[in-house]
Amino acid sequence: MRVYLDNNATTIVDPEVEKLMNPFFCQMYGNPNSLHQFGSETHPALSVAMDRLYDGINAKDSDDVIVTSCATESNNWVLQGIYFDKIKNADKNHIITSSVEHPSIIATCRFLETLGVRVTYLPVNHEGVININDLKEAIDEETALVSIMWANNETGMIFPIEEIGQVCKEKGVLFHSDGVQAIGKIAVDVQKAGVDFMSFSAHKFHGPKGVGGLYIKDSIALTSLLHGGEHMGGRRSGTLNVAGIVAMGKAMELAVKYQEYEYKEVTRLRNKLEDALLEIPDVFVVGNKKDRVPNTILASIKGVEGEGMLWDLNQYGIAASTGSACASEDLESNPVMEAIGAEADLAHTALRLSLSRFTTEEEIDYTILHIKQAIKRLRAISSTFSYTPKNHKSGL
Ligand SMILES: Cc1ncc(COP(=O)(O)O)c(C=O)c1O
């Protein structure tokens, strides 16, 4: 059996999405900017896709959504655009973000720091969420942008986006949210949230890789990252990825359609898996169920190295993740676990399990069985885990 529980890394393309995008590779492959029929025959599908994108996030119109190549580009664009518009050419010099953002935000902020920008990285509590008062205190007259994610990729914890939007509005500061891990999992309404910019990526909600987007409220002026053409109303150059845009539009439509199902059914399966894990002694899960996206569990299993667990589960066809740092060869602890204050040995035991609407009950039952067996095997050979009378009795 093959079980895919790494949906926060990427998702399967929905068959309906695949079917819709296929003709744009070998039949309707024209460049939309060309004046002949090969170009113009792509226009209706592109227009439907753009409408689906703005409907899906409740933007005002399709001009407010710019298609990019991925959310990494969207995040870079906002931060670097703000640098040119508000920092280099104006009197602001401060960006606020959180300490648990995706590397595409953190690394770009570090880069801007080398150019002299002041960046505040807000701390998070033990559940991995910022405190709204810390944000209020951090904003000053030099603040050009607040960039806080909608939901965290590792913990799945949802940030208080509407409250953050309100604070930014009151203080007259622009607000960007990285919405990558929210779309398809919870309702994303850019107007209600009060965001000025929001990044997203198709491959996280059952669309293909290599296509993403940036919502820009009321088409606010933002210096382009890519220059060289008049694509996307002159805002983002590069020949349009027609198949990708058509696919992302459909994936967005399906994300909205299945959202209620996601909430109920994916939450039910996630809770079944989580409750089974929590029955095992010395297993912890980060964050509470209520404020978390329905599909994510970030567990810490005492005495079990995350990488050992991944290797063991992989033998049984189960795909999971340990989180960014542990997934590399760098043996530093998981930065998000560190940010929430987990002790160093626990930060090495992170196991992220992320479901999708394609996950089945049979797969969850199979995973529970194999995780229990893996914990037994790995704790038996662990140099850091010692059995107490309680956990010895459970055999785990
Ligand atoms: C929260 C978050 N932001 C941004 C990204 C980057 O997305 P992309 O793969 O489209 O560049 C990811 C991908 O893991 C993510 O989880």
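The values are calculated or read from the model by the stated rules, or taken from the named source; none is laboratory data. Computed from a prediction, not measured in an experiment: that's the story for all the values here. All Cβ positions, even for glycine, are placed from backbone atoms using ideal geometry, and neighbour counts span all protein chains on display. For the accessible areas, the whole protein counts, side chains as well, though only heavy atoms, and no ligand, DNA or RNA atoms are used. Shrake-Rupley method; radii C 1.70, N 1.55, O 1.52, S 1.80 Å.
With a cut-off of at most 15 other beta carbons within 10 Å, and DSSP calling the residue loop, which trypsin sites (Lys or Arg not before Pro) in the range 1-52 qualify? Please list them. Show your work: numbers first, answer last.
Numbers: sites: R2, K19, R52; in loops: R2.
For trypsin sites (Lys or Arg not before Pro) across the range 1-52 that sit outside H, G, I, E and B with at most 15 neighbouring Cβ atoms in 10 Å, the list reads R2.
Quick check: the angle from helix 161-171's long axis to the longest principal axis of the chain, C-alpha only, nearest 10 degrees?
50
In whole Hz and in residue order, list the ³J(HN,Hα) couplings for the range 310-319 that follow from phi through the Karplus curve 6.51 cos²θ - 1.76 cosθ + 1.60, θ = phi - 60°; x for Gly and Pro.
Going residue by residue, I get 4, 4, 4, 5, 4, 4, 9, x, 9, 9 Hz, with x marking Gly and Pro.
Between K60 and A9, how high is the FRET efficiency from 1/(1 + (r/R0)^6) when r is the Cβ-Cβ distance and R₀ = 41 Å? Nearest 0.05.
Details: r = 32 Å, r/R0 = 0.79.
Efficiency, from the Cβ-Cβ distance: 0.80.
Counting only C-alpha contacts under 8 Å and six or more residues apart, can you give the relative contact order of the chain as a whole percent? Show your work: numbers first, answer last.
On the way: 759 pairs, mean separation 86.3, N = 396.
Dividing the mean separation by the residue count of the chain yields 22 percent.
In the chain, what % of DSSP beta bridges are antiparallel (nearest 5)?
Working: 20 of 38 bridges.
For the chain, the DSSP antiparallel bridge percentage is about 55.
Among G172, G306, G287, whose mean-square fluctuation peaks in a Gaussian network model of the chain (Cα, cutoff 10 Å)?
The residue that fluctuates most here is G172.
Counting Lys and Arg as +1 and Asp and Glu as -1, each charge on the Cβ, what is the dipole of the chain about the Cα centre in debye, to the nearest 20? Intermediate results must be reported in sequence, preceding the final value.
Numbers: 37 positive and 52 negative charges, 123 e Å.
Its charge dipole is roughly 600 debye.
Order the following by accessible area, largest value first: L298, L20, L346. Probe radius 1.4 Å; ligands, DNA and RNA are ignored. Walk me through the intermediate numbers first.
Details: L298 0, L20 65, L346 40 Å².
The residues order as L20, L346, L298, largest area first.
Using only the alpha-carbon atoms, how far is helix 103-114 inclined from the longest principal axis of the chain? Give it as 0 to 90 degrees, nearest 10.
The angle comes out at about 70 degrees.
May I ask for the net charge around G228, where only other residues with Cβ less than 14 Å from the Cβ of G228 are counted and Lys, Arg are +1 while Asp, Glu are -1? Don't skip to the answer; put the middle values down first.
On the way: positive: R235, R236; negative: E230.
After counting each charged neighbour, the total is +1.
Could you tell me how far the Cα centroid of the range 271-304 sits from the Cα centroid of the range 340-377, in Å?
8
Taking amide H positions as placed in the peptide plane 1.01 Å from N, state which residues far from S321 in sequence (5 or more) or on other chains have amide H under 5 Å from it.
For S321, the qualifying residues are R352.
In nm, to one decimal, how far is the modelled label at F84 from the one at S237, with both set 7 Å along Cα→Cβ?
1.0
Hey, if we sort M28, M198, M50 by accessible area with the 1.4 Å probe, largest down, what's the order?
Values: M28 55, M198 0, M50 30 Å².
Solvent-accessible surface, decreasing: M28, M50, M198.
Report the accessible area of T114, computed with a 1.4 Å probe over the heavy atoms of all protein chains in place, in Å² rounded to the nearest 10.
Ignoring ligands and nucleic acids, T114 comes out at about 110 Å².
Of the residues R357, R377, R235, which exhibits the maximal mean-square fluctuation in a Gaussian network model of the chain defined by a 10 Å Cα contact cut-off?
Taking springs between Cα atoms under 10 Å, the residue moving most is R377.
Is the shape of the chain rounded, prolate or oblate, going by the alpha carbon gyration tensor and its root eigenvalues a ≥ b ≥ c, with a/c under 1.5 for rounded and a/b larger than b/c for prolate? Intermediate values should be presented prior to the final figure.
Working: a/c = 2.19, a/b = 1.38, b/c = 1.59.
Oblate, because a/c is 1.5 or more while a/b does not exceed b/c.
Rank these residues by their accessible area, most exposed first, probe 1.4 Å: H203, H126. Don't jump to the answer; show the numbers that get you there.
Working: H203 35, H126 135 Å².
Descending order: H126, H203.
List every residue whose amide H lies under 5 Å from the amide H of A151, counting only residues 5 or more places away in sequence or on a different chain, with H placed 1.01 Å from N in the peptide plane.
F159, Q181, A182
Spelling out what I want: for every residue of the range 90-97, take phi, set θ = phi - 60°, compute 6.51 cos²θ - 1.76 cosθ + 1.60 (Karplus), and round to whole Hz; glycine and proline get x.
Values, residue by residue: 9, 9, 9, 8, 9, 10, 10, 9 Hz.
Which of V256, V304, V48 ends up with the largest GNM mean-square fluctuation for the chain, with Cα atoms connected below 10 Å?
Residue with maximal mean-square fluctuation among V256, V304, V48: V48.
Near T267, within a Cβ-to-Cβ distance under 15 Å, what is the net charge of the other residues, with Lys and Arg +1 and Asp and Glu -1? Could the numbers behind the result be given before it?
Details: positive: K185, K264, R268, R270, K272, K289, K290, R292, R357; negative: E260, E262, E265, E274, D275, D291, E361.
Computed value for this residue: +2.
Just to check I understand the Karplus step: with θ = phi - 60° and J = 6.51 cos²θ - 1.76 cosθ + 1.60, what whole-Hz values come out for the range 191-199, glycine and proline as x?
Running phi through 6.51 cos²θ - 1.76 cosθ + 1.60 with θ = phi - 60° gives 6, 4, 6, x, 8, 8, 9, 8, 9 Hz.
Calculate the FRET efficiency for E41 and K272 from the Cβ-Cβ distance with a Förster distance of 45 Å, rounded to the nearest 0.05. Mind dumping the intermediate values first?
On the way: r = 48 Å, r/R0 = 1.06.
In this case the efficiency is close to 0.40.
For Y366 and E343, what does the FRET efficiency come to when R0 = 30 Å and r is the distance between their Cβ atoms, rounded to the nearest 0.05? List each step's numbers first, then the result.
On the way: r = 32 Å, r/R0 = 1.05.
That gives a FRET efficiency of 0.40.
Is the range 87-223 best put as rounded, prolate or oblate by its Cα gyration tensor, with a ≥ b ≥ c the root eigenvalues, rounded for a/c under 1.5, and otherwise prolate when a/b is larger than b/c, oblate when not? Provide the component values of the computation, followed by the final result.
On the way: a/c = 1.43, a/b = 1.29, b/c = 1.11.
Rounded.
Classify the range 1-87 as rounded, prolate or oblate, taking a ≥ b ≥ c as the square roots of the eigenvalues of its Cα gyration tensor: rounded when a/c is under 1.5, otherwise prolate if a/b is larger than b/c and oblate if not. Working shown, then result.
On the way: a/c = 1.91, a/b = 1.07, b/c = 1.79.
Note, shape of the range 1-87 comes out oblate.
Any chance you could run the full-extension gain for N131 through N31? It's 0.36 nm times the residue separation minus the Cα-Cα distance, nm to one decimal.
Values: separation 100, 0.36 × 100 = 36.00 nm, distance 4.75 nm.
Contour length minus Cα-Cα distance gives 31.3 nm.
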